[in-house]
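Each remark here refers to the structure printed beneath this line.
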Amino acid sequence: MKILVTGGCGFIGSNFIRYILKKYPSYKIINLDKLTYAGNLENLKDIEKNRNYKFIKGDICNKELVGKIANNVDYIINFAAETHVDRSILEAGSFIKTDVYGTHILLEAAKKYHHKKYIQISTDEVYGSIDKGSFTEESRLKPNSPYSASKTSADLLCRSYFVTYGLPVMITRSSNNYGPYQYPEKVIPLFITNAIENKPLPLYGDGKNVRDWLYVLDNCSGIDTVLHKGIAGEIYNIGGSNEIANIGLTKTILKILNKPTSLIKPVADRLGHDRRYSLKCNKLMKLGWKPKRKFEETLRETVEWYIDNKNWWKKLKDIDFNKYYKKQYKLSNE
Ligand code: NAD
Ligand code: DAU
């Protein structure tokens, strides 16, 4: 099997490439990644010499480059995206370019070269927020942030390529992932690393927004299930069944690190902040998938990973954060 993985130097993509090369030693992977602020070659340092792995630096919006690579593979899995909701609130253009136009370029390539499968890595955020109950794959799409609107647009393009051209497209919509190599702007790595450094944890609004946390390797096994057993034209939710309010999550992180709750700093709410996400995942479970790892155990392992890999995150925070978070705090405290 020859797979083009896009965005493989990011958090989930790098975990997925490592997972696939270990589980299927004969599979070949080409990783196309633009290396934005979120892409990091260090995330795959341990496998860079694997002869079934090849890295190409480039943009999924580059039609010519994508065409050349796509000609040599028979599957595409598209992880590449701008992914941080707060950034999309400050600047949406790059989200629309990469998440929407980039998806279009990849779909065109998959159509041209008659790929066996095209998998779009989407998100539960396309459904919007839900106070009670859980979203199924049939739920209406009601995205609330520029990020989720760009991901929704990409999902709709994918659907249209299945209906119009019969392209074997599959979409996964997962809940919030956590685990090693997550960029320290997302809440779990941000709060772990701030707490390690005794810095405040900026908790948005009343802290009661709920997210459903999925360990990244359980997402990888879900995508693996879709790759091998998924049906063309179908959408698969991938959730962790670990719903927790942000305040509870924050206190759990502080407890694991043995740090005081006085580090919690309530700040103004995120604009358009979704209250709760929740997914029904029976459809993927019918294909034999279920999340294997327990939340408490993997959260503890994740905390330990950030303690052991200070060199990895320290320089990321030093480079970008001062500039970005100064702006962000100003926005939050207005
Ligand atoms: P990430 O931000 O950690 O990584 C994104 C990667 O894409 C980076 O390596 C970046 O360099 C690359 N990239 C960005 N623009 C590109 C372009 N134009 N061309 C090529 N590469 C480009 O993201 P992540 O958290 O690993 O998310 C991966 C995918 O999963 C995204 O599509 C995201 O929407 C989706 N998703 C993420 C989560 C989550 O909790 N992190 C949950 C559900 C869905
Ligand atoms: O649900 C899937 C989505 O999860 C993915 O599609 C996105 O790419 C990913 O970024 C993530 O989006 P969220 O907005 O849910 O994740 P984030 O880590 O930014 O925030 C999680 C919750 O924590 C959210 O309710 C906002 C809150 N939060 C976040 C940050 C960064 C805070 O209270 N303080 C913070 O500093």
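The values are calculated or read from the model by the stated rules, or taken from the named source; none is laboratory data. Predicted, not measured: the structure shown is a model, and the values here were computed from it. So basically every Cβ, Gly included, is an ideal-geometry build from the backbone, and we count neighbours across all protein chains shown.
The set of residues in the stretch 33-51 being more than 11 Å from GLY10 (Cβ to Cβ) and surrounded by fewer than 17 Cβ atoms within 10 Å (Cβ to Cβ) consists of LEU41, GLU42, LYS45, ASP46, GLU48, LYS49, ASN50, ARG51.
Rundown of residues vs (1) more than 11 Å from ligand 1 (Cβ to nearest atom); (2) closer than 25 Å to LYS208 by Cβ; (3) outside the structural domain of ILE231 (by TED's automatic domain parsing), yes/no style:
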residue: ALA92; (1), (2), (3): yes, no, no
residue: LYS97; (1), (2), (3): no, no, no
residue: LYS117; (1), (2), (3): yes, no, no
residue: GLU125; (1), (2), (3): no, yes, no
residue: SER139; (1), (2), (3): yes, yes, no
residue: ALA149; (1), (2), (3): yes, yes, no
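Among the residues of the stretch 281-305, those that are within 16 Å of ligand 1 (Cβ to nearest atom) and closer than 23 Å to THR123 by Cα comprise CYS281, LEU284, TRP289, PRO291, ARG293, PHE295, THR298, LEU299, THR302.
Considering the stretch 53-82 alone, what residues qualify as being of a type in the set (S, T, N, Q), without any contact (Cβ under 8 Å) to a residue 60 or more places away in the chain and surrounded by 15 or more Cβ atoms within 10 Å (Cβ to Cβ)? So that I can check it myself, show each step before the final result.
Residues of the stretch 53-82 that are of a type in the set (S, T, N, Q), as a first pass: 62, 71-72, 78.
Among the residues that remain, those that are also without any contact (Cβ under 8 Å) to a residue 60 or more places away in the chain are: 62, 71.
ASN62, the sole residue that qualifies.
Per the conditions (1) surrounded by fewer than 21 Cβ atoms within 10 Å (Cβ to Cβ); (2) closer than 24 Å to LYS280 by Cβ, the sole criterion not satisfied by LYS199 is (2). Take the residues in the stretch 203-248 that are under 18 Å from the mean Cα position of the chain (by Cα) and more than 19 Å from GLU137 (Cβ to Cβ), then tell me which one is nearest to ligand 2 (Cβ to nearest atom). For the stretch 203-248, the residue satisfying everything is ARG211.
For a quick check of your reading: which strands (runs of 3 or more DSSP E) sit entirely within the stretch 175-229 and have at least 3 residues that are in contact (Cβ under 8 Å) with a residue 60 or more places away in the chain and under 30 Å from VAL5 (Cβ atoms)?
Working: elements: 176-178, 201-204, 210-215.
Passing ranges, in order: 176-178, 210-215.
Screening GLY102 with (1) surrounded by fewer than 17 Cβ atoms within 10 Å (Cβ to Cβ); (2) more than 18 Å from TYR236 (Cβ to Cβ) gives one miss only, at (1).
Would you mind stating whether ILE96 is among the aliphatic types (A, V, I, L, M), over 20 Å from TYR183 (Cα atoms) and out of contact with any Gly (no Cβ under 8 Å at 6 or more places or on another chain)? Judged against the criteria, ILE96 is a match.
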